[in-house]
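Student: This is the structure, below, for whatever I ask next.
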Ligand SMILES: [Zn+2]
């Protein structure tokens with residue numbers, strides 16, 4: 001992702017979290033503020049320490065409390081930080 005795409009993704013996520021979370025403080029330290037990572041990370045299935053290629057991946061954006069470090073992983077697709085790949089859904093299998 002370019003820096004511009006990262007900025008757009010984190011802007012979308014911040015807007016989404018403002019709608020869904022409102023002004024909620026960190027549940028651990030009751031303070032905050034939250035800090036959104038511009039980059040999208042991925043969770044992959046654990047397989048005894050080996051790497052699964054082609055397995056399901058969950059794209060996530062870490063949101064951290066800047067006071068205590070408590071980190072929440074927000075799904076990048078649900079939050080709109082990442083656009084769903086449209087072409088894989090309706091492309092005919094030719
Ligand atoms: Zn905290």
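Student: What number of residues in the stretch 28-67 are free of Cβ contacts under 8 Å to residues at least 40 places away in the same chain and more than 16 Å from the ligand (Cβ to nearest atom)?
Tutor: 22
Student: Collect the residues in the stretch 51-71 that are under 9 Å from the mean Cα position of the chain (by Cα) and buried (at least 16 other Cβ atoms within 10 Å of the Cβ), keeping them in residue-number order.
Tutor: 59, 60, 61, 63
Student: Further, regarding this structure: When you scan the stretch 79-93, how many residues do you find that are at pLDDT 80 or above and surrounded by fewer than 12 Cβ atoms within 10 Å (Cβ to Cβ)?
Tutor: Total meeting the criteria: 1.
Student: In the stretch 9-27, which residue that is outside any helix (DSSP H, G or I) and surrounded by fewer than 13 Cβ atoms within 10 Å (Cβ to Cβ) is nearest to the ligand (Cβ to nearest atom)?
Tutor: 27
The values are calculated or read from the model by the stated rules, or taken from the named source; none is laboratory data. Computed from a prediction, not measured in an experiment: that's the story for all the values here. Neighbour counts run over all protein chains shown; Cβ positions are idealised from the backbone, glycine included.
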